[in-house]
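Worksheet for the structure shown next.
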Amino acid sequence: MRVADRHYRTIWPIDEGTAGTADAVGAVRVIDQSRLPHEFGTVDLHTLEDAAHAIATMVVRGAPLIGVTAAYGVALAMRADASDGQLEHAARLLRATRPTARNLAWALERMRAALERVPRDERVAVAFRTAALLCEADITQCRAIGKHGLGLIRAAARGAEHGSARAGARGGAGGAARPVNILTHCNAGWLACVDWGTALAPVYLAHDAGIPVHVWVDETRPRNQGASLTAFELGAHGVPHTVIADNVGGHLMQQGRVDLVIVGSDRTTASGDVCNKIGTYLKALAARDNGVPFYAALPSSTIDWSLDRGDDIPIEQRAAEELTHVTGRGAAGTLETVRVVPEGSPALNVAFDVTPARLVSSLITERGVCAASAAGLRGLYPERSG
Ligand code: MRU
């Protein structure tokens, strides 16, 4: 996607033509999301440990991007030592970085399958090639999700045109041709993937197709992925949007100012329960109470076919400091971190929650739109039946 008129992916290997400096050759370069939206910069990953650190500290984040970064982490590990023991060690280290997103384990399984029968002296080349293929597959899948989700936005736009949408009387962004008002939570855009995004791919395609859209962007405390990242990427692509505090969405739905909700997913069970950024569940409850369609957009790498119950998904807890402190750009132009919670008050930082399938109107996958149910998912992925 575009940043200042240049096309970027979130992750790419560095060769001699693109390195800039000699020591960058062979590294894997990522956009540093921990400094956005204040600074647009990159970080070069040279080793397995660099990749694990980038995932754990959320220099890279978002389920699909975590997966492909782990894949490149394995490739970097193979370059240092292409033994079976190192392959084991790399998978263990990377898997422990973030427990909830299914894509991480999925990518590591793919890397192991690609490498385990390959002779040692070929492992580095095969590992980098496989990681690159996972990136290409993610882009293809996100684009397909975008096309399928575009149909839902088109339908909402027709409703808005004919005044049949709940939002008819009080459109969110004003103006003559009322836009389709879409609420999203966290960042499930191109920054969370390699390109395009999951929840935001349909939004980009709709915008590019000339359908007027406006996005309500949940700030997404405590790390503010909505306010920092979703607002940044929508702004860079010229998509009209408004950042709202996390507690505002229910009120806007009551007022008829939300036509649909689209969120991403970090892990989806075989029965359609959706685990996503903390606060997603509350949006689904508000959507159900107000008759607003609630969609989760996800590539199949996010589906955990081994789990039926959302309750069984491991939920990541992160450092209390993410909640007790806030980082932003100060008046002097430098990044500053300030405390917003009294010294001594304990804080609980739960990173994800589970939205039960019954609250999800449909799942948007790369193969199409289906009911959030075992039957719905099996219909799209018949090879997973039985
Ligand atoms: O903690 P994060 O920022 O990695 O969480 C990301 C989300 O919850 C996204 O909404 C999710 O990964 C879906 S992304 C395409």
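The values are calculated or read from the model by the stated rules, or taken from the named source; none is laboratory data. The structure displayed is predicted, hence computed values, not measured ones. Ideal geometry is used to build each Cβ from the backbone, glycine not excepted, and the neighbour counts take in all protein chains shown. Please note that ligands, DNA and RNA were not included when accessible areas were found on the heavy atoms of the full protein model with its side chains. Shrake-Rupley method; radii C 1.70, N 1.55, O 1.52, S 1.80 Å.
Check whether at least one residue in region 296-308 is more than 30 Å from SER385 (Cβ to Cβ) and either within 13 Å of the ligand (Cβ to nearest atom) or open to solvent by 60 Å² or more (accessible area, probe 1.4 Å) (or both), and report yes or no. No: zero hits. Among the residues of region 77-96, none qualifies, meaning not one is of a type in the set (S, T, N, Q), open to solvent by 60 Å² or more (accessible area, probe 1.4 Å), closer than 25 Å to ALA125 by Cβ and away from the ligand (no atom under 12 Å from the Cβ). Selection over region 173-223 of residues that are farther than 23 Å from ALA137 by Cα, touching a residue at least 60 places away in the same chain (Cβ under 8 Å) and not hydrophobic (A, V, I, L, M, F, W, C) gives a count of 8. In the set (1) open to solvent by 20 Å² or more (accessible area, probe 1.4 Å); (2) within 10 Å of the ligand (Cβ to nearest atom); (3) not hydroxyl-bearing (Ser, Thr, Tyr), LEU200 fails one condition alone, (1).
Quick check on my filter: what residues within region 226-243 are out of contact with any His (no Cβ under 9 Å at 6 or more places or on another chain) and not charged (D, E, K, R)? ALA227, LEU229, PHE232, ALA236, VAL243 - these are the residues of region 226-243 that are out of contact with any His (no Cβ under 9 Å at 6 or more places or on another chain) and not charged (D, E, K, R). Residues in region 173-229 that are of a type in the set (D, E, K, R) and assigned to a loop (DSSP other than H, G, I, E, B) were compared, and the one that is modelled with the lowest pLDDT is ARG178. Taking VAL126 as the residue in question, decide whether it is β-branched (Val, Ile, Thr), outside any helix (DSSP H, G or I) and either surrounded by fewer than 19 Cβ atoms within 10 Å (Cβ to Cβ) or on the phi > 0 side of the Ramachandran plot (or both). So VAL126 fails the test.
Taken together, the criteria place ALA160 among residues that are at pLDDT below 95 and in a helix (DSSP H, G or I). Within the bounds of region 344-351, is there any residue that is under 18 Å from the mean Cα position of the chain (by Cα), farther than 26 Å from ALA144 by Cα and either touching a residue at least 24 places away in the same chain (Cβ under 8 Å) or open to solvent by 20 Å² or more (accessible area, probe 1.4 Å) (or both)? Looking through region 344-351, at least one residue is under 18 Å from the mean Cα position of the chain (by Cα), farther than 26 Å from ALA144 by Cα and either touching a residue at least 24 places away in the same chain (Cβ under 8 Å) or open to solvent by 20 Å² or more (accessible area, probe 1.4 Å) (or both).
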